[in-house]
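The values are calculated or read from the model by the stated rules, or taken from the named source; none is laboratory data. These numbers come from a predicted model, not from an experiment. Every residue, glycine among them, receives a Cβ derived from its backbone with ideal geometry; neighbour counts consider all protein chains shown. Just so you know, the surface numbers come from the protein's heavy atoms only, side chains and all, with ligands and any DNA or RNA stripped out. Shrake-Rupley method; radii C 1.70, N 1.55, O 1.52, S 1.80 Å.
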Amino acid sequence: MSGGVPPLEASTFLPATPEQVWDVLQDQTRMRRWSPETWAQLFYPRRLSHNQVSLNLNKRGWFVWPTVSRYVDVARPQRLAFHVYGPAARWSYRLDPEGDGTRLTLRRDLAGGRRTLLSRVVATLALGGIAGHDEELREGMSHTLAAISAEVRASGD
C-alpha cells in the first residue's frame, strides 16, 4: 500500500484453546472494561452475529465522541471483525492455534489505506494529533489484549 496508512497491529499469546479465547472475546459488551477508549455501547441485536450493529461512545480526557460499528466477520473461533463508520476502519481479531495455546491478534485497517477527513479533523483537534493518537491506539490495543488475556485466564480457573 504505497503511501497509505499502515495497519496497526498487536498480538499476545494465551495458554488456552481458540475456543476458550473465543468464549471470552465473543462477549463484546466487555469492551468497556477492556479498551481504554470505549466508554459505553449498545448492541442490536444483543447477541453477537454477522451484521450486528454497535452504537458506541468513546472517551479521551474531556472529549467524548460517538461511533457506529457493524460486525462484518464473525467466524467462531477464528475471526471477529467490525467496521467502524466515520473513520472507515476495520478492527479485527484473529485467533490462531500456536503450540499449546492461541495467538490473539488485534488489527486496525483503514479503508483504502487512507484516513477520512472526519478522522483527521477529530484526531488533530481533540485527540492530540494523528501520530499521537495512532500511538495511543497501539498502546490501547496492547491494553485490550492484556485485559482479554486476564479474563481468559480467570475463566480457566
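Quick notes on this one:
- None of SER69, SER2, SER54, SER11 is among the hydroxyl-bearing types (Ser, Thr, Tyr), under 27 Å from GLY101 (Cβ atoms) and either modelled with pLDDT of 95 or more or open to solvent by 60 Å² or more (accessible area, probe 1.4 Å) (or both) except SER11.
- Restricting ARG94, ARG90 to those that are in contact with a His (Cβ under 7 Å, 6 or more places away or on another chain), open to solvent by 80 Å² or more (accessible area, probe 1.4 Å) and at pLDDT 95 or above reduces the list to ARG90.
- Of residues in region 122-141 being within 20 Å of SER11 (Cα to Cα) and loosely packed, with under 14 Cβ neighbours inside 10 Å, the one nearest to the chain's Cα centre (by Cα): GLU139
- Residue in region 24-40 that is among the basic types (Lys, Arg) and part of a loop (DSSP other than H, G, I, E, B) present: no
- Scan of region 84-143 for residues that are in contact (Cβ under 8 Å) with a residue 60 or more places away in the chain, within 19 Å of ASN56 (Cβ to Cβ) and of a type in the set (A, V, I, L, M, F, W, C), ordered by number: LEU106, LEU110, ALA126, LEU127, LEU137, MET141
- The number of residues in region 104-121 being crowded, with 19+ Cβ neighbours inside 10 Å and either assigned to a strand (DSSP E or B) or not charged (D, E, K, R) (or both) comes to 6.
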